[in-house]
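Here's the structure we're looking at; comments come further down.
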Amino acid sequence: MSVRTQSSEQPAEAVHRAGFACFVGRPNAGKSTLTNALVGQKVAITSNRPQTTRHTVRGIVHRPDAQLVLVDTPGLHKPRTLLGERLNDVVRTTWAEVDVIGFCLPADQKIGPGDRFIAKELAGIKKTPKIAVVTKTDLVDSKALAEQLIAVDQLGKELGITWQEIVPVSATAGKQVDLLADLLIPLMPEGPALYPEGDLTDEPEQVMVAELIREAALEGVRDELPHSIAVVVEEMLPREDRPADKPLLDIHANLYIERSSQKGIVIGPKGKRLKDVGIKSRKQIEALLGTPVFLDLHVKVAKDWQRDPKQLRRLGF
């Protein structure tokens, strides 16, 4: 079993490599946090509630000799709704198209049925190289970490998966994150950069803005509304008649919930919760877009949208 820790070895070759990697794992295995740590800026929505990543957000890691495009897929899970089935299809399509797959398993939880379900699916994808990434190492001691690394190695042997590497990382503590990039890059094909220098993601700005609003809206109400909030940014327009040195961007967005009984939860007493959502997400949107923003939020009911193909399409799924 080869477990990688930081060393000073430098690859001799001077070729440029560029390609796609994706992190997979059951919901809440640390995939989005890892993507953000590698890119060095918040591009994927992170939360401790499963199934918050709905869009394939790509984070881009720029190196002088390489470009690593990270595709962040929804967590694969046993689907209970039409939305769940669509998310799983998105995942499998992505796996077949990337140059390397990183399988994330949290260090602080024993390998369970959800991990095995994904590992079996991975075993069926023969050609794509796979790296096992043991995440959240800051939450365990060295003995527990060693046990998890051995368990991951065993899992590969049982299912006939050859791990290219097994890498322990902590994205929140920044441990071994650069090493992970160093190990992913040699598995990329040789070729020029796929995105301009300075790009961090190819997601349209409106989708990223919607994700930030959704993340803020889920804060504090996760138990009552696990993931029945969808956010659609209706328009983003620069405010007219503003002086050039004082621009203002008007953003109008709708938060869709499934039942009118959920409206009060999102809006809160006297509108306080919705106001907090606005304040919190506005700060992050301004940081993302680099311009002052006026945010106009409305809560609307789209009955049972997770099960309705027409509504799923309208809400961008």
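Derivation of every value follows stated rules applied to the coordinates shown; laboratory data play no part. Everything quoted here is computed from the prediction, not taken from an experiment. Cβ: placed from backbone, ideal geometry, glycine included. Neighbour counts: every protein chain shown.
Just to verify a number: FRET efficiency for residue 117 and residue 291, C-beta to C-beta distance, R0 = 51 Å, to 0.05?
Numbers: r = 43 Å, r/R0 = 0.85.
FRET efficiency, residue 117 to residue 291: 0.70.
Mind giving me the nanometre distance, one decimal, between the label points for residue 151 and residue 89, set 7 Å out from Cα along Cα→Cβ?
It is 3.5 nm.
Which order, highest average first, do 166-174, 276-284, 137-145 follow once you tally other Cβ atoms within 10 Å for each residue and take the mean per peptide?
On the way: 166-174: 20.8, 276-284: 18.3, 137-145: 14.6.
The most tightly packed comes first, giving 166-174, 276-284, 137-145.
Residue 16 to residue 298: extension gain in nm, 0.36 nm per residue of separation minus the Cα-Cα distance?
Numbers: separation 282, 0.36 × 282 = 101.52 nm, distance 4.72 nm.
Here the segment from residue 16 to residue 298 would lengthen by 96.8 nm.
May I ask you to compute the full-extension gain from residue 283 to residue 126, defined as 0.36 nm times their residue separation minus their alpha-carbon distance, rounded to one decimal in nm? Walk me through the numbers before you get to the answer.
Values: separation 157, 0.36 × 157 = 56.52 nm, distance 4.40 nm.
Gain on extension, residue 283 to residue 126, equals 52.1 nm.
Express in whole angstrom the spacing between the alpha-carbon centres of segment 247-310 and segment 84-114.
Each part's Cα centre sits 29 Å from the other's.
Would you mind working out the magnitude of the charge dipole of segment 205-314 relative to its Cα centre, with +1 at each Lys and Arg C-beta and -1 at each Asp and Glu C-beta, to the nearest 20 Debye?
Details: 20 positive and 18 negative charges, 90 e Å.
The calculation lands at about 440 debye.
Mind listing the Cα extents of segment 205-314 along all three principal axes, in Å, largest one first?
Taking max minus min along each principal axis of the Cα atoms, segment 205-314 gives 45, 31, 20 Å.
Which pairs in the list 283/310; 110/310; 110/303; 136/157; 280/310 are over 28 Å apart, alpha-carbon to alpha-carbon? Display every interim value, and only then the final one.
Working: 283/310 33 Å; 110/310 39 Å; 110/303 38 Å; 136/157 23 Å; 280/310 31 Å.
From 283/310; 110/310; 110/303; 136/157; 280/310, over 28 Å: 283/310; 110/310; 110/303; 280/310.
List 256, 195 from most exposed to least, where exposure is judged by having the fewest other Cβ atoms within 10 Å.
Working: 256 20, 195 15.
Fewest-to-most ranking of 256, 195: 195, 256.
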